[in-house]
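What follows is a set of notes on a single structure, which appears directly below.
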Amino acid sequence: EETLVVYTSQPNADAQQTVDAFMAAHPDIKVDWVRDGTTKIMAKLRAEFAAGNPKPDVLLIADIVTMEGLKREGRLAPVEGLELEAYDPALYDAEHNYFSTKLITTGIVYNTNSDIKPTSWKDLAKPELKGLVAMPSPLTSGAATIHMEALTQNDALGWDYYEALAANDVKPQGGNGGTFKAVAGGEKMAGAVVDFLPIREKAKGSPVEFVFPEEGVSAVTEPVAMLSTANNPEAAKKFVAFLLSEEGQKLAADQGYLPAHPGVDAPAGFPSRDNIKLMAFDAGEALETAEQDKMKFIEIFGE
Amino acid sequence: MPFGTSAVWRKAPEALTLWVIVLAVALVAGWPLLRLASEAVFTDGAFDISPVQRALESRSTWRATVHSLETSFFGMVFAVLLGGLFAFLVALTDVRLKLPLVFCFMLPMMIPPQVTALSWIQVFGPSSALLNTLGIAPPPGSTNPVYSVQGIILLLGIQHAPLAFLLLRAAFRQIPRELIEAARMAGAGAGRIAAQIIVPLLTPSLVAAAGLTFVSALGNFGIPAMLGIPESYYVLPTLIYRRLTSFGPSIISDVAILAILVGVIGLAAVLLQNYIKSRIESRLMSKPGAPLFIPLKGLRPIVEAALWLIIVMILVLPLSALVATALVPAYGVGLTSTTASLENFQEVLFRQSATLRAFMNSGGLALVSAVALGLIAIPLGFFMVWQKNRIARIAAHLSEMPYALPGVVLSIAMILVFLQPLPVLGISLYGTMGIILVAYLARFLALAIKPVIAGYEQLDPKLDEAARIVGASFFDRLFRIAAPLLGPVAAAGGILVFMTALNELTVSALLWSAGNETLGVLVFNLDDGGYTVLSSALAVITVLVIFAIMLGAQALNGILPRGVLPWTDDQPTPHGR
Amino acid sequence: MDLTIHEGEFLCVLGPSGCGKTTLLRLIAGLERVDDGDIRIDDEIVSSAVSHITPEERNVGMVFQSYALWPHMSAKENAEFPLKVARKSADEREAVVRQAMDAVQLTPMANRRPSELSGGQQQRVALARCLTQAPSIVLMDEPLANLDMHLREEMLREFSRFHKTTGSTIMYITHDQAEAMSIADRIAVLLDGKLQQLCRPEELYNRPVNESVARFIGAGAVLKAAAMSAETVAFGEDVIPVTPNQSLSIGDAAVIVIRPEDVTLGTGPFTGRVSEVTYLGGRFRVQIEITHETKQVELTAYSAERIKDGAQVAFDIGRVWAIRS
Amino acid sequence: MDLTIHEGEFLCVLGPSGCGKTTLLRLIAGLERVDDGDIRIDDEIVSSAVSHITPEERNVGMVFQSYALWPHMSAKENAEFPLKVARKSADEREAVVRQAMDAVQLTPMANRRPSELSGGQQQRVALARCLTQAPSIVLMDEPLANLDMHLREEMLREFSRFHKTTGSTIMYITHDQAEAMSIADRIAVLLDGKLQQLCRPEELYNRPVNESVARFIGAGAVLKAAAMSAETVAFGEDVIPVTPNQSLSIGDAAVIVIRPEDVTLGTGPFTGRVSEVTYLGGRFRVQIEITHETKQVELTAYSAERIKDGAQVAFDIGRVWAIRS
Ligand SMILES: Nc1ncnc2c1ncn2[C@@H]1O[C@H](COP(=O)(O)OP(=O)(O)OP(=O)(O)O)[C@@H](O)[C@H]1O
Ligand SMILES: Nc1ncnc2c1ncn2[C@@H]1O[C@H](COP(=O)(O)OP(=O)(O)OP(=O)(O)O)[C@@H](O)[C@H]1O
Ligand SMILES: [Mg+2]
Ligand SMILES: [Mg+2]
């Protein structure tokens, strides 16, 4: 029996489902998995690098910027022979080092008690919402970093937009969970947040609404990659292939995420895949500018 | 008389014990920290001071340092005041219902800090079920008042007050009443007695309590993360966390540098403690005396009411908020008779197999850590205080560092050291429960030995001398004099370790692996994944389990030695009546 | 127990170990509450089953048997504390403390902590603390137990001086009977939890009220004997004179108290065997074994010269004290 | 200081408070290390600047001045501990402890904790603990300070018995000189950190080696006087006989030691004014003021009768002790 070690930032239940489904498809492979936030998983992995003995074969984390960084350090190994035809080339690395598995978009959430219902990113900078907007900090959340990069790469928004938000008394609220809680709890009326939280919780009765703003959304794509130090590259490849297969993509949809595969139906509560407009995003550029953008962010929001 | 020949053999057990303990401490606490520190100054094997310079030049580093100092300091002051007040009333006066009172007072410490923070947020936010029912909820959109420096200080204080309480209660009990009576006879009023007699007499324990609560607050992540980050108020642990999010290859060295900064602050605190202790002689002289006892008379109902009000504030309110959240189907839904259900409990208890496993794992880890550390504390204190052994002293000081560091940092240090198979033994702890255990041993060492050392410091060393005179060997003195005298304190420390380890999150977060998940990790992961209601349900279950354990231990009280259970009431009897 | 101390009196309390002397002082100080009965100071009830005035309001000073020094304060600070409490000016404190430290001969060690002092020095700090407080009632629990003879005498002289100048009432526990006799106005004897006798030292020594007190106070033999007349008791085949005692009449069973001073060695109608000789410094204590009422009993006498153990000695007995038993 | 204790000897250490008696015991017990010099037991060096045998290996027993009882053990358990340490069987322990508790008369309180005992009872627990240990060398630091006279005597008798039956060497600190004289084989006098004299009690009392010892031991006056012959010294306008002393020759400056026993009141060539009379129980101490070498000095005498303060008395002085000064 082979053992495959997976480090993932998927929520627990999702990770368990994914692993169970994979093991059902490959009964000869036993999967050991570790789940934690992307930051912690990366800290753990970094420590393992430093100690010279990284454990995982496969990495399944939130964003491609991190993957890009690892790729440049030579920590990843390309996986060949996958069926990638259906996928948007923007969703995987040209050298086949990492592959997006789903789309977790960052849009706008608002409390149903709110007087105004924002439909555009710019609405968050309106005076009616002064002091009432929450957003995750890129210093805490990987998704928020991508979001910042996407918005600042966008000509229509750019840093001016962040300046306007800062002027509107927006204070970055930790991670997505914190932002969502602030809005759902009524402390804030609106905020930028990843899609699945409000969509799921709304279904259970939480007083929130999620909108895909007209400028488009940023997305983290939960890329999967095999490490160059993988002990079990064969199984790793099978795992990657499984996630990108239709079966794997259906699983993501069942879990309540937008699948990366355009041919797989979006889960309930999401608009159809075609109606979701993604903002353009360049991971390589993001990797280069991320550090200094964070500094800029700090300057603007005065941490 | 055959002195000379046997001397070496007679001393062997003593020397052996000392070295075993010192080496154990060095292995679990010293080595990882050293390894971590080396990461700060070595980049790819080459000595490189530039990351240190960068970190020290960064303004955010200094701002976070100042924030850390202020929250830890005031958190400590608050914890010592609150814990000291309870300790005084419970140890020396005739307030009734001491058992439930202490029980309830200890509970906040058993609740993971992030859960505490969460529940306080829920209590005071605009959507607070409680405040809404009372009609005094702040309007939607107003900032939650607990998101503030004061909020952080308040919660750090409440979270750690039980630590101060336990240390000080034992100390209050040891004050011979005649020292207080002498002051009363001189006409001194209560205030003066408190300030000029009791406080100095309590010095070792007060300093230990202050040190422990300060270091706890310094290393606390959950509270400043939940309450500070939304307000962009960073302390060192949260700054470290933020650095972790930079993902780049420099994380480890950045983190190591900040960790060293925390370590330096912790060390400064230790040195300051030593300085204060050396200035104030508070060793009681050994003529035994009956303990002090203060009847409250007419004040008793008022005092009792005030105590219970505090309990309501620090325990019932946040806990009920937590329960309320656990009962609703989704976060933000109001708790009404129609929305309330036990669905979340069923989900975590019966549908998620990890829950049961996590309880077993955490329980086992906590138990082993508590017992092991309780056992180490007694000889370590013996060597350090009664034998005035320098090496033991260094080991004891070293043991405080891992407690001051943020858990993430400690676990990184653990990975750095224990990833590779152990030399000689050839087994690898990484990816097993073993590494979590080692990390727990390192982390909670301070919690276990501080109370014991403070206990030793209040006792007259003549008690040991008298035993040496009658020819008692090292083990005789350790087991028959030191252990019974310090046993209750050590056990109390061990129970603290157990309770804290059961809920521990930040250390195990990086160290767990599939099948080895701990309770704290489970609670955090649920919350982090957006399942706040499930995580609340699990937190409620955890509190209930702890409650049950405490009750179970209470049932065994009859067969346990006196004073072992920290919450039990061994009320001093008024003598001569 | 009913015990009245007069204002300005120096009262010693004598009693065997564990008889409740310390407890008595604690009751008077207000450190313990009474279950029954009452304690008055200046005719005011300070303790009773229902009311209780706290120690700090009583202006009572106490030297504890265990000293109760505050380990965190230097000798001087310990002594200064009552003055600080009384809000005395720094100058005044300085003067009073200096005087007290001089009185107990601790000025050179004024800045040491109690743990750096010898046992006797610690006890002297406790004394100094009591002196500075200068309370109207002073309770002392074996304040000189750890001091050498000369220091003891000086301290006693200091207490006398203090007693006279301040007019304070002193209640003093000691195990040294000679000390008690020498300093006390009156002595209270506590036995079996009861006050047995309260009177002037000479009366206590010469006329103990009952057998237990007679045995407890002073040395010597306490023997059963029958009263032969109002002024004689049977002793062996002889009679010996007794101090006239109202309560004693002919034929009464009595106990006689033969103090060492009542026995004169060398000549006399009686003879006995020396069973033990102990040097006491300057004189010897001689135990003489005789037969009295068919039992072997021992008398005690003092002798200036050493007498050989086992020797037969002649002796006479002076006028002794007899109590109806 | 050079001090040799013979095996099986009962040695008392006398010295003023704070002179280092406790420290001496602690050095012998091995609780303090020596800076210089050495300590030998049975000719083996146990302490020196370079080597140090630990207290637990010395088989030395000690009664601490502050008792050092273990608060978590009952009185009985405190006493039993040395036997447990010596791995005695339960039966044997039981028997020995019972005997020791009986000896100190604490059997009824055997199960109390030290904090529930009176001061004297605590001290007796400390004694019992030392008795059960039965070490070959026993160090006692004022073991009877808190006990009443009778208990003290019984304890002394118990020590004597213990001393005789076990043949152990005892070193005993006390402030009570009569106690020291009565029990000690030899007495060591420690003054100003030096061993001044080490000899048998009678010799110490009668022939102190120097002025300081003379002042410290016993009561009485120590006066300067010129030697008139080998057997007389000038006293006022008269001469008084002195005990022959080798070291003294005519014309030497000397100090004379006039013990109260040397002064006979009533008749004699000298007169003085009674300045103070103190009752001691059975006898009075009388202070007589006289002029000696142009200074007012005080002599001490004992009297069986009370003498009026301020009266003029005639007195004689017996053969006194003179030391070359
Ligand atoms: N821990 C200490 N530090 C400094 N000096 C000390 C310490 N302990 C005792 N001393 C001093 O050493 C001297 C000798 O003390 P020691 O206890 O031996 O006296 P002692 O002869 O036993 O007196 P006492 O009869 O009063 O008990 C004293 O002057 C005392 O002040
Ligand atoms: N805390 C206590 N609990 C119970 N009994 C006590 C306590 N303290 C003292 N006793 C007992 O009360 C009795 C009286 O004690 P007290 O201290 O008054 O005696 P004392 O006359 O001062 O004796 P000593 O001369 O030995 O100091 C003793 O038999 C003692 O055992
Ligand atoms: Mg007493
Ligand atoms: Mg001493």
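The values are calculated or read from the model by the stated rules, or taken from the named source; none is laboratory data. Just so you know, these numbers come straight off a predicted model, no measurement behind them. Virtual Cβ from ideal backbone geometry, glycine too; neighbours counted across all protein chains shown. Note: areas computed on protein heavy atoms with side chains; ligands, DNA, RNA excluded. Shrake-Rupley method; radii C 1.70, N 1.55, O 1.52, S 1.80 Å.
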Q | For C:Thr243: the one exception among (1) over 18 Å from C:Tyr205 (Cα atoms); (2) surrounded by fewer than 19 Cβ atoms within 10 Å (Cβ to Cβ) | A | (1)
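Every residue, every condition in (1) within 16 Å of ligand 1 (Cβ to nearest atom); (2) within 22 Å of the chain's Cα centre (by Cα), yes or no:
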{"residue": "D:Met109", "(1), (2)": "no, no"}
{"residue": "D:Leu117", "(1), (2)": "no, no"}
{"residue": "D:Gln123", "(1), (2)": "yes, yes"}
{"residue": "D:Leu127", "(1), (2)": "no, yes"}
{"residue": "D:Met140", "(1), (2)": "yes, yes"}
{"residue": "D:His150", "(1), (2)": "no, yes"}
{"residue": "D:Glu154", "(1), (2)": "no, yes"}
Q: Mind listing whichever residues of the range D:99-151 are touching a Gly at 6+ places or on another chain (Cβ under 6 Å) and either more than 16 Å from ligand 3 (Cβ to nearest atom) or not assigned by TED's automatic domain parsing to the domain that holds D:Val85 (or both)?
A: D:Cys130, D:Gln133, D:Pro135, D:Val138
Q: Restricting attention to the range A:150-206, report how many residues are of a type in the set (Phe, Trp, Tyr) and within 11 Å of chain B (Cβ to nearest Cβ).
A: 2
Q: Determine which member of the set D:Ala180, D:Ala95, D:Ala103, D:Ala86 is within 16 Å of ligand 4 (Cβ to nearest atom) and either in contact with a helix residue (DSSP H, G or I) (Cβ under 8 Å, 6 or more places away or on another chain) or open to solvent by 50 Å² or more (accessible area, probe 1.4 Å) (or both).
A: D:Ala180
Q: Residues being closer than 20 Å to C:Leu131 by Cβ and open to solvent by less than 50 Å² (accessible area, probe 1.4 Å): count how many of those fall in the range C:155-177.
A: 15
Q | Where D:Gly8 falls short, out of the listed (1) away from ligand 4 (no atom under 16 Å from the Cβ); (2) more than 29 Å from C:Gly281 (Cβ to Cβ) | A | (2)
Q: Please enumerate the residues belonging to the range C:12-52 that are part of a strand (DSSP E or B) and crowded, with 21+ Cβ neighbours inside 10 Å.
A: C:Cys12, C:Val13, C:Leu14, C:Val46, C:Ser47
Q: Determine, yes or no, whether A:Tyr110 is among the aromatic types (Phe, Trp, Tyr) and outside any loop (DSSP other than H, G, I, E, B).
A: yes
**Q.** Close pairs from the range C:103-126: first closer than 20 Å to C:Ala145 by Cα and free of Cβ contacts under 8 Å to residues at least 40 places away in the same chain, partner of a type in the set (S, T, N, Q) and open to solvent by less than 10 Å² (accessible area, probe 1.4 Å), Cβ under 6 Å, at least 6 apart
**A.** C:Gly119/C:Asn146; C:Gly120/C:Asn146
Q.
If I go through the range D:175-213 residue by residue, how many of them are small (Gly, Ala, Ser) and more than 25 Å from C:Ala304 (Cβ to Cβ)?
A. 3
Q.
Filter the range B:328-344 down to the residues that are in contact (Cβ under 8 Å) with a residue 40 or more places away in the chain and surrounded by 17 or more Cβ atoms within 10 Å (Cβ to Cβ) and list them by number.
A. B:Val328, B:Ala330, B:Tyr331, B:Gly332, B:Leu335, B:Asn344
Q. How many residues, within the range B:476-515, are within 14 Å of chain A (Cβ to nearest Cβ) and either under 24 Å from D:Val85 (Cα atoms) or of a type in the set (S, T, N, Q) (or both)?
A. 3
Q. Mind checking which residues of the range D:61-78 are at pLDDT 85 or above and either in contact with a Gly (Cβ under 7 Å, 6 or more places away or on another chain) or within 16 Å of ligand 2 (Cβ to nearest atom) (or both)?
A. D:Val63, D:Leu69, D:Met73, D:Ser74, D:Ala75, D:Lys76, D:Asn78
Q: Tally the residues that are within 16 Å of ligand 4 (Cβ to nearest atom) and surrounded by fewer than 24 Cβ atoms within 10 Å (Cβ to Cβ), restricting the search to the range D:106-141.
A: 1
